[in-house]
Amino acid sequence: MSVAVVVVAAGTGERLGAGLPKALVTLGDRTILDWSVRAFDRHPGIDTLVVVGPAAATGALVAGLPATARVVAGGPTRQDSVNRGLAALPSEVEFVLVHDAARPLVPASVISAVLAALTAGADAVIPVLPVIDTIKRVDAEQRVTGTVDRSELRRVQTPQGFRLAVLLEAHQARPGGDVTDDAGLIEYLGHPVLTVPGDESAFKITTPHDLRLAELLAGDTA
């Protein structure tokens, strides 16, 4: 089988407040994007690597990436950016992993678990973690209206893995409204989505606090 990964790095990073695209923010002695790319470039199951970055910064993204990586400009939404990454894949690709560059410390074990589920026959696979906090439902006045049963809830991470033909079909049939991940498009088609265990290290860097935590963890893994 041929496996590709699309690393989505088109975010502006406004909530991070660094004044530059999030993918180019330094984490330790490397950029956030470099950490994410290396996680896949070093994995034996990956054949093709495509990075989708901000249109105004694609040149900067290329610097330091593996020579085999291809960089394409992202679109106005995450779905548009993933679409452009999928369009850049070679025709022989059978499976694709879609990964948020903002999750730079994803361990190899999570990548391997997603790949194993795909090769075992799944059309769509996502890494998840249990919800450990108590979840309340509130109204417009911020009054609590109930407590949500968290036993069936999961926090979703990336990389999310797909049979490429199924993901392309899902993008072509994309629903209206805000779909925050590619698995949501698969659900819209009615295809089953399998889960595998995620890892706390694969958290998403969104705020300065997240970046500080990632810097601590990166120092332990460097």
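Checking each residue in the stretch 64-96 for being under 17 Å from the mean Cα position of the chain (by Cα) and acidic (Asp, Glu) picks out only 80. Scanning the stretch 33-80 for residues that are at pLDDT 90 or above, within 24 Å of residue 171 (Cα to Cα) and among the basic types (Lys, Arg) gives a single hit, 70. For beta carbons closer than 7 Å, sequence separation of 6+ or different chains, a first residue in the stretch 2-17 that is farther than 30 Å from residue 165 by Cα and assigned to a helix (DSSP H, G or I) and a second that is modelled with pLDDT under 95 and open to solvent by 40 Å² or more (accessible area, probe 1.4 Å), the qualifying pairs are 15/207; 16/207; 16/208. Across the stretch 178-222, the number of residues qualifying as polar (S, T, N, Q) and assigned to a loop (DSSP other than H, G, I, E, B) comes to 3. Say whether the condition of being part of a helix (DSSP H, G or I), more than 24 Å from residue 201 (Cβ to Cβ) and among the charged types (D, E, K, R) is met by at least one residue in the stretch 77-90. Looking for residues that are part of a helix (DSSP H, G or I), more than 24 Å from residue 201 (Cβ to Cβ) and among the charged types (D, E, K, R), one finds at least one in the stretch 77-90, hence yes.
Among the residues in the stretch 106-125, are any buried (at least 17 other Cβ atoms within 10 Å of the Cβ), in contact (Cβ under 8 Å) with a residue 12 or more places away in the chain and in a strand (DSSP E or B)?
yes
Between 100, 80, which is under 11 Å from residue 10 (Cβ atoms), among the acidic types (Asp, Glu) and surrounded by 21 or more Cβ atoms within 10 Å (Cβ to Cβ)? Exactly one of 100, 80 is under 11 Å from residue 10 (Cβ atoms), among the acidic types (Asp, Glu) and surrounded by 21 or more Cβ atoms within 10 Å (Cβ to Cβ), namely 100. Inside the stretch 31-57, residues that are more than 16 Å from the chain's Cα centre (by Cα) and open to solvent by 40 Å² or more (accessible area, probe 1.4 Å) make up a count of 6. Scanning the stretch 180-209 for residues that are farther than 11 Å from residue 124 by Cβ, touching a residue at least 12 places away in the same chain (Cβ under 8 Å) and open to solvent by 30 Å² or more (accessible area, probe 1.4 Å) yields 180, 188, 197, 199, 200, 201, 203, 204, 207, 208.
Quick one: would you say residue 157 is of a type in the set (S, T, N, Q), free of Cβ contacts under 8 Å to residues at least 60 places away in the same chain and open to solvent by less than 50 Å² (accessible area, probe 1.4 Å)? It is true that residue 157 is of a type in the set (S, T, N, Q), free of Cβ contacts under 8 Å to residues at least 60 places away in the same chain and open to solvent by less than 50 Å² (accessible area, probe 1.4 Å).
The values are calculated or read from the model by the stated rules, or taken from the named source; none is laboratory data. It should be emphasised that the depicted structure is a prediction, and the values quoted were computed from it without experimental measurement. When we count neighbours, we look across all protein chains shown, and the Cβ atoms used for this are built from the backbone with ideal geometry, even at glycine. Side chains included, ligands, DNA and RNA excluded: accessible areas come from the protein's heavy atoms. Shrake-Rupley method; radii C 1.70, N 1.55, O 1.52, S 1.80 Å.
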